[in-house]
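In what follows, a structure is listed as structure tokens, so that the remarks can point back to it.
The values are calculated or read from the model by the stated rules, or taken from the named source; none is laboratory data. Note that the coordinates shown come from a computational prediction; the quantities given were computed from them, not determined experimentally. Neighbour counts run over all protein chains shown; Cβ positions are idealised from the backbone, glycine included. The protein model used for the area step is the full one, side chains on, heavy atoms only, and it has no ligands, DNA or RNA in it. Shrake-Rupley method; radii C 1.70, N 1.55, O 1.52, S 1.80 Å.
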Amino acid sequence: MRFILTHPMHSHPYNPDLVTGSGVAAVATAAERAGFTGFGFTDHPAPPQRWLDTGGHDALDPFVAMGYAAAVTSTLRLIPNLVVLPYRNPFLVAKSGATLDALSGGRFTLAVGVGYLRGEFGALGIDFEQRAGLVDEALELIGRAWTQDDVTFAGKHFQAAGITAHPRPVKRPPIWVGGNTVAARRRVVEYADGWCPFAAADALARYTKTAVMDAEAGLAAGLDDLRRRCDAAGRDFTAIDITFNGLPGTPGTSSFVADAYLGEVDRLSRLGVTAVTLSVPGDSVNHAVEAIEEFGASVIAAQSLTTVLETS
């Protein structure tokens, strides 16, 4: 199992030290030392005040912040959680991603979502009701921009005639699709390399415009559906990354129990999950770093030791 850390800027207001260069560097380098595979940021360029007042959070620009994190690390993959794809023209996303991939030495994974904050769509001038179609066309265009010259495309939302965008990535960065819906899994099979479901009880699922999902029966059913879709399309299900977000327990809090978390990680691994996304407390940079170090020692290192013992 691999572990991906989301930068702990998950409140409003936030601790200002988290958004300094030294704060981002401290969290990113701690994650790399602890054995995390990936590190990323959320994407909320224009969140409504009402959402912030009822549990929402502020955010850095994910591409700029991942570029900064790339400069202070050497092995950590840059994996946003998640880029809201309808917010940007796909050629701009492709250019940002290709640039980040080149400057990081091939360490970028584009993880995307459809988005759910109607007010944010409105502020950015994007038709909320068209977001599904925007995502489908954008995923096709990004893949083509990264792999082809002289791209011509005529869709409902985007048009292009003879576009060549260099530098292209040496190797196409992986694309992961977030969301719990059938549509998300369809997009994985048609355009992507990974699926990012998340734990969502009924109220959260309604709010985020996705399907209800838990880490047990709901996830298993989603994986079965994805497997069937891969088989029908002639794709290898075992080559798809499955990244789950929402295991109970936050490292760095008194309620976190490493052994119980490891048990859940093992169970998810047997289901077919290949990575877990998590965060740590964001009340201070020092607390975040301590939680990352604790998680590295009690979970990541312990899992690695168990794997070695089982295969020796």
Whole number please: convex hull volume per residue, Cα atoms of segment 27-139, in Å³. 99
Given the rule -39500 (n - 2.57) for each run of at least 4 DSSP H residues, summed and divided by the residues of the chain, what is its mean residue ellipticity at 222 nm, to the nearest 500 deg cm²/dmol? -13000 deg cm²/dmol
Fluctuation leader among ASP53, ASP101, ASP43 - the chain, Gaussian network, Cα springs under 10 angstrom: ASP53
Within the chain, percent of DSSP bridges classed antiparallel, to nearest 5: 15
In nm, to one decimal, how far is the modelled label at ALA102 from the one at VAL64, with both set 7 Å along Cα→Cβ? 2.1
Solvent-accessible heavy-atom area per residue, rounded to whole Å², over segment 117-178 at 1.4 Å: 49
Largest to smallest accessible area among MET66, MET1 [probe 1.4 Å]: MET1, MET66
Choice from THR37, THR73, THR238 with maximal GNM fluctuation in the chain (Cα, 10 Å cutoff): THR238
Which value, in Å³ per residue, describes the convex hull spanned by the Cα atoms of segment 60-124? 76
Using alpha carbons only, how many degrees (0 to 90, rounded to 10) separate the axis of helix 90-103 from the longest principal axis of the chain? 50
Viscosity 1.002 mPa s, temperature 20 °C, Stokes-Einstein D of the chain from Kirkwood C-alpha radius, µm²/s: 107
Ranked by accessible surface with a 1.4 Å probe, highest first, in what order do ASP283, ASP259 come? ASP259, ASP283
Tell me the relative contact order for the chain as a rounded percent, counting alpha carbon contacts under 8 Å between residues six or more apart. 20
Using R₀ = 25 Å, calculate the FRET efficiency as 1/(1 + (r/R₀)^6) where r is the Cβ-Cβ separation of ALA239 and ARG33; round to 0.05. 0.25
Scaled radius of gyration (Cα, divided by 2.2 N^0.38 Å) that segment 154-312 gives: 1.24
Note down the nm distance, to one decimal, between modelled labels 7 Å out along Cα→Cβ at SER22 and at ALA302. 3.3
